[in-house]
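Working notes for the structure below.
The values are calculated or read from the model by the stated rules, or taken from the named source; none is laboratory data. A quick note: this is a predicted structure, and the numbers were derived from the prediction, not measured. Quick reminder, even Gly has a Cβ in these numbers, built from the backbone with ideal geometry, and neighbours come from all protein chains shown.
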Amino acid sequence: MNNLSDTIKNRRDLMKANWFELQNIKSDQQNSVANPAIVKPYDDKNIIDLPEPKRTDRLSSDINELIQERRSRRQFADEQMSLTELSYLLHSTQRIQKTFKNNIATLRPVPSAGARHPFETYLAILNVEKLKNGIYRYLPDVHKLIYLHTHDDLKEKVVKSVLDQTWAGETNVVFYWSCIPYRAEWRYSIKSHKAMLLDAGHICQNLYLAAESMKLGTCAIAAYDQKLSDELLKVDGEDEFTVYISPVGKQVKTEI
């Protein structure tokens with residue numbers, strides 16, 4: 001086969017359930033290596049408290065209604081997002097509800113293979129009350145934000161990171177999910193990578209439904225510039241790297 005065909009075959013193989021073919025490969029967990037941290041370490045500087053998520057009349061809607069109304073939205077109203085709304089989105093996607101098995105696993109609103117949850121949530125804040133524009137990271141164990149850094153041309157850098165999809169810069173906040181693959185590799189070795197990609201989809205679908213419940217809109221982005229996205233978040237691109245992006249803003253109208 002030519003190089004392109006070889007590459008396609010390898011990527012298709014990644015999508016398959018080759019569990020039995022790989023079962024003899026031991027993971028670090030099976031080799032009694034200490035488990036990695038369930039949350040990326042942080043210090044107490046630049047911590048921002050988040051309000052507890054509040055229910056609204058919209059949040060009492062039938063779940064079927066929300067599922068049926070879910071759409072990818074690329075047009076947004078020029079209105080500020082409240083910190084409570086942002087808190088609800090974070091609470092609905094990655095909040096740690098329980099830690100168990102000696103800090104090996106966490107229970108969150110989304111499923112994850114082996115309860116490993118290998119993702120970190122970064123936010124490019126563009127128009128959210130009480131928050132200056134910049135890059136933040138969500139701390140799911142304490143439900144807080146940590147301010148990281150900013151750029152004078154943050155909006156432009158966001159747009160460049162998603163291959164010049166200009167609508168992404170017209171939102172209130174852009175969710176960037178990075179992956180720390182060793183969290184899952186520790187448990188499942190080379191069997192882990194397909195599951196991690198599935199996990200990313202679980203997180204984003206919760207974001208869609210949570211956004212829809214508050215008349216916010218989002219559109220998941222898989223077409224992004226890896227290098228620019230990683231540089232924006234200041235992650236190393238090897239042991240942690242961007243895998244998925246989803247801007248969120250106030251809905252302006254129903255779209256197809």
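Give the range 3-23 a look and list any residue that's without any contact (Cβ under 8 Å) to a residue 60 or more places away in the chain, within 17 Å of residue 197 (Cβ to Cβ) and surrounded by 10 or more Cβ atoms within 10 Å (Cβ to Cβ), or say none.
Matches in the range 3-23: 7, 8, 13.
Of all residues in the range 82-113, which are buried (at least 19 other Cβ atoms within 10 Å of the Cβ) and farther than 15 Å from residue 52 by Cβ?
Hits for the range 82-113 are 93, 94, 106, 108, 110, 112.
So that you can scan it fast, the table gives a plain yes or no per residue for (1) part of a helix (DSSP H, G or I); (2) basic (Lys, Arg); (3) modelled with pLDDT under 95:
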residue: 185; (1), (2), (3): yes, no, yes
residue: 205; (1), (2), (3): yes, no, no
residue: 211; (1), (2), (3): yes, no, yes
residue: 227; (1), (2), (3): yes, yes, no
residue: 231; (1), (2), (3): yes, no, no
residue: 237; (1), (2), (3): no, no, no
residue: 242; (1), (2), (3): no, no, no
residue: 247; (1), (2), (3): no, no, no
residue: 254; (1), (2), (3): no, no, yes
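In the list 246, 192, 229, 161, which residue meets the criterion of being closer than 30 Å to residue 31 by Cβ and of a type in the set (S, T, N, Q)?
So the residue among 246, 192, 229, 161 that is closer than 30 Å to residue 31 by Cβ and of a type in the set (S, T, N, Q) is 192.
Which condition number in (1) over 23 Å from residue 211 (Cβ atoms); (2) aliphatic (A, V, I, L, M); (3) buried (at least 19 other Cβ atoms within 10 Å of the Cβ) is the one that residue 126 fails?
Failing condition for residue 126: (1).
Enumerate the pairs (first residue in the range 133-153 and over 17 Å from residue 120 (Cα atoms); second residue anywhere and hydrophobic (A, V, I, L, M, F, W, C) and outside any strand (DSSP E or B)) with beta-carbon separation below 7 Å, excluding pairs fewer than 6 apart on the same chain, so at least 6 apart or on different chains.
Once the first residue is over 17 Å from residue 120 (Cα atoms) and sits in the range 133-153, its partners that are hydrophobic (A, V, I, L, M, F, W, C) and outside any strand (DSSP E or B) give 133/126; 133/154.
(1) surrounded by 17 or more Cβ atoms within 10 Å (Cβ to Cβ); (2) among the hydrophobic types (A, V, I, L, M, F, W, C); (3) not in a loop (DSSP other than H, G, I, E, B): which one isn't true of residue 48, the others all being true?
Tallying (1) surrounded by 17 or more Cβ atoms within 10 Å (Cβ to Cβ); (2) among the hydrophobic types (A, V, I, L, M, F, W, C); (3) not in a loop (DSSP other than H, G, I, E, B), residue 48 fails exactly one: (1).
I'd like the full set of residues that are of a type in the set (A, V, I, L, M) and in contact with a His (Cβ under 9 Å, 6 or more places away or on another chain), limited to the range 96-106.
96, 105
Could you please find all residues in the range 147-180 being crowded, with 18+ Cβ neighbours inside 10 Å and not in a helix (DSSP H, G or I)?
Scanning the range 147-180 gives 162, 165, 171, 172, 173, 174, 175, 176, 177, 178, 179, 180.
Would you confirm whether any residue within the range 66-73 is of a type outside the set (Gly, Ala, Ser) and either buried (at least 21 other Cβ atoms within 10 Å of the Cβ) or on the phi > 0 side of the Ramachandran plot (or both)?
Checking the range 66-73: at least one residue is of a type outside the set (Gly, Ala, Ser) and either buried (at least 21 other Cβ atoms within 10 Å of the Cβ) or on the phi > 0 side of the Ramachandran plot (or both).
Specify the residue that is farthest from the chain's Cα centre (by Cα); the eligible residues are those in the range 218-236 that are small (Gly, Ala, Ser) and over 20 Å from residue 138 (Cβ atoms).
My answer is 223.
Checking the conditions here, which among 198, 228 is among the hydrophobic types (A, V, I, L, M, F, W, C) and farther than 21 Å from residue 111 by Cα?
Exactly one residue qualifies, and that residue is 228.
Give the residues of the range 88-111 that are touching a strand residue (DSSP E or B) at 6+ places or on another chain (Cβ under 8 Å) and not in a strand (DSSP E or B), sorted by residue number.
89, 90, 93, 94, 96, 97
Pairs needed: first member in the range 216-244, of a type in the set (S, T, N, Q); second member anywhere, loosely packed, with under 15 Cβ neighbours inside 10 Å; C-beta distance under 9 Å; at least 6 residues apart or different chains.
Every condition considered, the pairs that remain are 218/72; 226/237; 242/226.
Exactly one condition in (1) on the phi > 0 side of the Ramachandran plot; (2) small (Gly, Ala, Ser); (3) touching a residue at least 40 places away in the same chain (Cβ under 8 Å) is false for residue 213; which is it?
(1)
With (1) at pLDDT 90 or above; (2) among the β-branched types (Val, Ile, Thr); (3) under 30 Å from residue 212 (Cβ atoms); (4) not in a helix (DSSP H, G or I) as the list, and residue 56 as the residue in question, which single condition is left unmet?
Result: residue 56 passes all but (1).
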